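The values are calculated or read from the model by the stated rules, or taken from the named source; none is laboratory data. Only a predicted model underlies this, so the values are computations on that prediction, with no experimental measurement involved. Neighbour counts are summed over all protein chains in view; Cβ atoms, including those assigned to glycine, are modelled from backbone coordinates with ideal geometry.
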Amino acid sequence: MQGMSERAYSTHSKLSRGAIQKAKRTGRMVLYGDGSINAAASDARRAGTSDPDQQRRSVAKSKSRISGPAESTSYLKARTALTVYQAQERQLSIQKKKGALVDRSRAETMVFRLARQERDTWVTWPARVAALMAAQVAAEVEAATGTPVTIGAATMQRVLEAHVKEQLDALADLKVSLG
């Protein structure tokens with residue numbers, strides 16, 4: 001027999017015999033022609049193909065060597081942080097697809113555009129309604145007093161524009177914050 005038996009390699013690698021048999025079946029062991037295990041080559045192959053998350057922590061072989069918990073703790077923290085980040089990213093993606101989330105810059109642009117359209121509508125409103133309002137006010141005053149009254153559309157428009165401008169100036173102080 002050229003190499004180690006499963007039991008000898010199990011003791012050497014501090015893995016169970018079942019784990020050694022599974023590694024042989026999956027091709028993570030280097031075997032000699034007689035079926036015995038090439039320990040050095042198998043250790044190297046196992047190290048290269050095994051996931052560190054799935055390996056058991058081995059006990060330090062000598063007291064002079066610093067044990068690996070500090071190294072593995074930082075690795076586990078980094079791995080946990082990555083997993084949490086990926087989960088949050090997936091959750092945001094799902095919410096975006098459902099329409100629960102919108103692009104912030106797009107929303108701000110839309111709010112600004114709607115506010116400008118509303119302002120423009122109010123700025124042009126006095127010119128559209130001043131003549132109608134002047135006629136209605138004149139008719140009501142004439143009906144109440146019995147004397148003919150004339151209210152100029154231009155005067156009514158100036159008064160309306162002044163009041164609309166005051167209202168728009170007050171609304172201009174409002175700030176929209178999306179977070």
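Being touching a residue at least 12 places away in the same chain (Cβ under 8 Å) and either closer than 30 Å to HIS163 by Cβ or over 56 Å from the mean Cα position of the chain (by Cα) (or both) is the requirement here; does VAL141 meet it?
Criteria not met by VAL141.
Scanning region 115-129 for residues that are of a type in the set (A, V, I, L, M, F, W, C) and either exposed (fewer than 12 other Cβ atoms within 10 Å of the Cβ) or in contact with a strand residue (DSSP E or B) (Cβ under 7 Å, 6 or more places away or on another chain) (or both) returns no hits.
Could you go through region 48-71 and let me know if any residue there is within 31 Å of the chain's Cα centre (by Cα), modelled with pLDDT under 80 and surrounded by 10 or more Cβ atoms within 10 Å (Cβ to Cβ). Looking through region 48-71, at least one residue is within 31 Å of the chain's Cα centre (by Cα), modelled with pLDDT under 80 and surrounded by 10 or more Cβ atoms within 10 Å (Cβ to Cβ).
Scanning region 9-34 for residues that are free of Cβ contacts under 8 Å to residues at least 12 places away in the same chain, part of a helix (DSSP H, G or I) and surrounded by fewer than 17 Cβ atoms within 10 Å (Cβ to Cβ) turns up THR11, ARG17, GLY18, ALA19, LYS22, ARG25, THR26. Mind listing whichever residues of region 95-123 are β-branched (Val, Ile, Thr) and assigned to a helix (DSSP H, G or I)? Matches in region 95-123: THR109, VAL111, THR121, VAL123. Filtering LEU160, LEU171 for residues that are aliphatic (A, V, I, L, M), modelled with pLDDT of 90 or more and in a helix (DSSP H, G or I) leaves a single hit, LEU160. Among the numbered conditions (1) under 30 Å from ALA170 (Cα atoms); (2) at pLDDT 90 or above, the only one that ARG104 does not meet is (2).
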